[in-house]
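Structure record follows, encoded as structure tokens.
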Amino acid sequence: MIKKTVLCFLFVCLSASLSPAWAASGSDCVYEHSGVDVQRFKKSKHVIGFEKLERNTGYIGALKGIGGFHLQLFSCAHYGATLTVLLGPNPNAGTVTKTFDTLPALLFPALDVAKVKAALKQVPLNALYTPQHLEPLAAEMGMTDISVRIIDADGMSVLVFGFYGG
């Protein structure tokens, strides 16, 4: 129970502090119309323990074989989401690659999954410790920004994948 509480607290704190600047711009812009199909995400074979934190905007759970996650949805002048995934201490390339293979199908329509996977495969793993903005992909998909990075927090690595557009 304590471990679950600590993980929930870590996800909420990191996701809140890492949300794009547009989401905290003077008004509460967090709604359910983010572009992410939450029911498809929830029913995915990769997701276990899916729980709602906030009414239609915040969710936690676990990705099989990867780690816990926090999903925050946004919609206002722009739409999008931030998915924070706990990778564990010193994640290896296999864990990151598996995460990159899993995320697109959870967050994007089937039409866009292949191009998101291809763009993520182009990101050098050692560069992930600084924010990587996938500008060509964002432009192709009509988004304002798509980014990914890994953050080390007290010996644990957290992958943050976010996108917004509109």
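The values are calculated or read from the model by the stated rules, or taken from the named source; none is laboratory data. The structure displayed is predicted, hence computed values, not measured ones. Every residue, glycine as well, gets a Cβ built from its backbone with ideal geometry; the counts of neighbours run over all protein chains shown. Keep in mind that these areas ignore ligands, DNA and RNA; they rest on the heavy atoms of the full protein, side chains included. Shrake-Rupley method; radii C 1.70, N 1.55, O 1.52, S 1.80 Å.
Quick notes on this one:
- Strands (runs of 3 or more DSSP E) fully within segment 1-88 counting 1 or more residues that are modelled with pLDDT under 75 and within 17 Å of D145 (Cα to Cα): 67-75
- Qualifying residue in segment 104-113 (condition: outside any loop (DSSP other than H, G, I, E, B), over 19 Å from G35 (Cα atoms) and under 16 Å from the mean Cα position of the chain (by Cα)): no
- Annotation note: Cβ proximity below 9 Å between a residue of segment 80-95 that is closer than 18 Å to G165 by Cα and a residue that is part of a strand (DSSP E or B) and open to solvent by 50 Å² or more (accessible area, probe 1.4 Å) (sequence gap 6+ or interchain) occurs for G80/T144.
- Sole exception among (1) at pLDDT below 90; (2) among the small types (G, A, S); (3) open to solvent by 60 Å² or more (accessible area, probe 1.4 Å) for G165, by number: (3)
- Condition check for T84 on (1) surrounded by fewer than 21 Cβ atoms within 10 Å (Cβ to Cβ); (2) more than 14 Å from D37 (Cβ to Cβ); (3) of a type in the set (S, T, Y): one failure, at (1).
- Restricting segment 122-144 to residues that are part of a strand (DSSP E or B) and modelled with pLDDT of 95 or more, the residue that is surrounded by the most Cβ atoms within 10 Å (Cβ to Cβ) is Q132.
- Of all residues making up segment 62-79, the number that are open to solvent by 10 Å² or more (accessible area, probe 1.4 Å), without any contact (Cβ under 8 Å) to a residue 60 or more places away in the chain and within 28 Å of A127 (Cβ to Cβ): 6
- For P109, the requirement of being over 24 Å from G67 (Cβ atoms), open to solvent by 30 Å² or more (accessible area, probe 1.4 Å) and not acidic (D, E) is met.
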